[in-house]
Amino acid sequence: MPLDNSPVIETLGRFTLELRFEDVPGPVIAQTQSLLLDLVGVAAAGAAAEGGRIARDMAAAFFLADTPERSARILFDGRPASAVGAAYAGATQIDNFDGHDGYAPCKGHIGVAVLPALLAFAETGAPVSGREALVCLVLGYEIASRAGLALHASVSDYHTSGAWNALAVAAIGSRLRGLDAARLRQAVGIAEYHGPRSQMMREVDNPTMLHDGSGWGALAGVTAVFLAERGFTGAPAVTVEGEAVAQIWSDLGTAWLTAEQYIKPYPVCRWAHAPIDAALMLRRDHGLSGDDVASVEIATFHESARLAAGMPDSTAMAQYSLAFPVAAALARGRVGPDEVLGSGLADPAIARLVANTTVREEPSYDARFPEGRWGDVTLVLKDGRRLATPGINARGGPDAPLAPGEVTAKFRDFAEPVLGRTRAGEIEDAVAALHDPESRLAPLQDLVLTDATRRIRD
């Protein structure tokens, strides 16, 4: 059946092409800057992940531009690729280090695709102001959030984020490339049609470098813009124009879903975060070390209980594990890059606790998903005591946001070992300056689109 939901299309066109910095509430801009800083830190740490390295090499070898003017530098790599290749590589790199932001009702992620796409479009077009960059990120979060809600409301399967963050990428590119509303509609339609509707639980059950499909979401979205720019047609996008989802788009530009994005404290699937916090609480409150613990009992919701249970043999499995990050929290008092990317994967103290962990599904936590990610932990100590926590919800979302100081501390923890303190500090300053009237995106581009891998190798 042909679709032409004109009121939604008109709203989408006005919002995408006419949104001004002054139209966005100040707290939303501040949240966007926090999301941006966090994403850059995750991307820097993710440069060491094997999946990110393969994606960068793939883009540099096979996704090339025909002229230097159409080239874009690859995130934390510096080699040239096409805008399509640079966006794909950057999104895959972030996706392969699961510390990036997300939107709980969609059970997925937005910044992972929209930031690399923004940088790629900025490399191949006119210079972008700092305020325009922030507006582009805001409209990306707003459009992707609603596209994800619309997809989940209209289909039965649980699809990866690339299925819907591709539409936000297409919107950002349409704005920066100067497309009109008619071609924006085509770009969004192309992006939705080719966005990867891959089944997320397949990846959860079998963790690999595929992760959340956002590399291909970014690729589909950027490609859609350049196709629409040349006259390729692709409308309509059913998650935008379908009558059944019109209500989801009715508050675009008045309700700001950017403010509802969460920022993760730990670089693993957020489904494991409540048990991690519970384990850290018991460790701190009772002065424990991992050596004090005989066994671990975790109660969580169904999807979380399907996360990997054994000792992971790869970074991908570590990020989609439940027992492993809880054990790391108990053994080391933290879950950070070294636990997921480095020595944690071969730590016998962590392995012992993983082997002595049991998981059960708790119906009351099932009922609170996806809006909440609840869990609790009981520790059986070697001296026979049992210590238990109440139910805990994952932190970082609008109901329990991380403090600005926590976001900055996480960025430094992730970025400084890779980039060094000086460059990390310059990135902090560049992100903070973007809201200034005279600011440009270019200084941040130069800081994040040059090689970070040499320091990793050394």
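In table form, for the structure just shown:
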{"read-out": "Centroid-to-centroid separation of the range 139-171 and the range 395-445 [C-alpha atoms, Å]", "value": "26 Å"}
{"read-out": "Whole-Hz ³J(HN,Hα) from phi, Karplus 6.51 cos²θ - 1.76 cosθ + 1.60, for the range 403-409, glycine and proline x", "value": "5, x, x, 5, 5, 5, 4"}
{"read-out": "Rounded to 5, percent antiparallel among DSSP beta bridges of the chain", "value": "75 percent"}
{"read-out": "Between helix 6-18 and the chain: long-axis angle, C-alpha atoms, 0 to 90°, nearest 10", "value": "90 degrees"}
{"read-out": "The range 258-267 - phi-based ³J(HN,Hα) in whole Hz, Karplus 6.51/-1.76/1.60, Gly and Pro as x", "value": "4, 5, 9, 6, 9, 10, 7, x, 10, x"}
{"read-out": "Anchor K107: aspartates and glutamates whose Cα lies under 17 Å away (excluding residues fewer than 8 positions away in-chain)", "value": "D95, D98, E142, D157, E203, D205, D212, E260, E303, D366, E371, D399"}
{"read-out": "Sum of side-chain charges, V222 neighbourhood, beta-carbon under 15 Å (Lys, Arg +1; Asp, Glu -1)", "value": "+3"}
{"read-out": "Mean projected area (nm²) of the alpha-carbon convex hull when the range 253-318 is viewed from all directions", "value": "7.0 nm²"}
{"read-out": "Total formal charge among the other residues, if their Cβ is under 13 angstrom from that of S154, Lys/Arg +1 and Asp/Glu -1", "value": "-2"}
{"read-out": "Sum of side-chain charges, G85 neighbourhood, beta-carbon under 10 Å (Lys, Arg +1; Asp, Glu -1)", "value": "+2"}
{"read-out": "Structure-derived semi-axes √(5λ) of the Cα gyration tensor in Å: which label, when the choices are (i) 48, 24, 18; (ii) 36, 24, 19; (iii) 64, 23, 20", "value": "(ii)"}
{"read-out": "The chain, relative contact order in percent, only Cα pairs under 8 angstrom and at least six apart counted", "value": "21 percent"}
{"read-out": "Contact order relative to length of the range 157-275, as percent, for alpha carbon pairs under 8 angstrom and 6 or more apart", "value": "32 percent"}
{"read-out": "For the range 32-44, 3J(HN,Hα) per residue [Karplus equation, 6.51 cos²θ - 1.76 cosθ + 1.60, θ = phi - 60°, Hz, x = Gly/Pro]", "value": "5, 5, 5, 4, 5, 4, 4, 4, 5, x, 5, 4, 5"}
{"read-out": "Cα centroid separation, the range 237-307 to the range 19-80 (Å)", "value": "24 Å"}
{"read-out": "Tilt relative to the chain, helix 83-95 - C-alpha long axis, 0 to 90 degrees, to 10", "value": "20 degrees"}
{"read-out": "Nearest 10 degrees, 0 to 90: helix 323-332 Cα axis against the chain principal axis", "value": "70 degrees"}
{"read-out": "Ranked packing of 396-409, 64-77, most packed first, by mean Cβ within 10 Å", "value": "64-77, 396-409"}
{"read-out": "Per-peptide average of other Cβ atoms within 10 Å, ordering 167-174, 21-28 highest first", "value": "167-174, 21-28"}
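Only the coordinates and a few stated rules stand behind these numbers; no lab work does. As the structure is a computational prediction, the values presented were derived from the model and not from experiment. Note that each Cβ is placed from the backbone with ideal geometry, even for glycine, and that neighbours are counted across all protein chains shown.
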